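Here, each number is a calculation from the coordinates, and none is a lab measurement. Note that the structure is predicted; figures quoted are calculated from it, not measured.
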Amino acid sequence: MNPKGLFMERKIAELTQKIYQEGVEKAEQKAEEIVGDAQARSERIVADAKKKAEEIVSESEQKAQELRRNVESEIKLSSQQAIASLKQQIVDLIMVKGLDQPVSKTLSDPDVVRKMVETVAANWKTGGKDAPNLEVLLPDQNRKELEKAFKGGILDSLKKGVSVTFTRNIKGGFQIAPQDGTFKISLTDEDFNEFFREFLRPKTRTFLFGE
């Protein structure tokens with residue numbers, strides 16, 4: 001081969017080597033870029049996942065704390081209601097034992113009822129000078145005892161102005177009203193019990209519980 005041919009062959013070989021080298025370098029560079037991008041994306045994914053996990057944990061902790069507060073509040077409220085209910089039951093029991101029975105017993109006494117009716121009727125105020133026309137309602141379950149107690153009493157002295165009716169709607173005590181039915185005064189055992197309950201209940205709670 002002549003020198004010129006050898007020269008051309010070397011140039012071709014050098015050019016080929018150069019092209020090959022540049023290709024290898026570009027491939028390596030591209031590969032590094034790809035690896036770098038992949039690593040960056042991986043790091044972002046990990047960072048995003050970590051951030052999301054932290055948000056989930058934080059949100060879960062907040063919900064857990066809120067749930068705990070709500071449960072504690074409900075337990076506290078339920079406890080307060082239970083205690084208040086128990087206190088009320090105790091007060092009511094004391095009222096029943098200490099008030100209802102004595103009042104009912106007293107207002108079932110025919111002589112007591114007669115004296116009360118006589119007092120109310122005797123002091124009944126009217127706009128005129130005439131004696132009032134009154135209707136007295138008495139418990140039917142005590143009819144015999146009351147008829148005996150009233151005999152010779154107010155029914156005789158005011159029999160023109162007072163009428164007596166026995167009713168099953170009253171257990172003890174009495175009700176009295178003008179015969180025109182414009183109003184009624186109720187002095188039954190239930191009325192007295194309710195009056196004394198309202199009066200004594202706060203005093204009893206204070207005595208028992210310091211409230």
Wrap a convex hull around the Cα atoms of the stretch 27-78, take a quarter of its surface area, and give that in square nanometres. 2.8 nm²
For T188, other-chain or 5+-apart residues with amide H closer than 5 Å (H placed, Pro excluded) are F174
Exceeding 27 Å between C-alpha atoms, which entries from my cross-link table qualify? They are K115/K203; K50/K76; K30/K51; K52/K76; K105/K148. K115/K203; K50/K76; K30/K51; K52/K76
What is the set of long-range amide H partners of E135 at a cut-off below 5 Å, with H atoms built 1.01 Å from backbone N? S163, A177, Q179
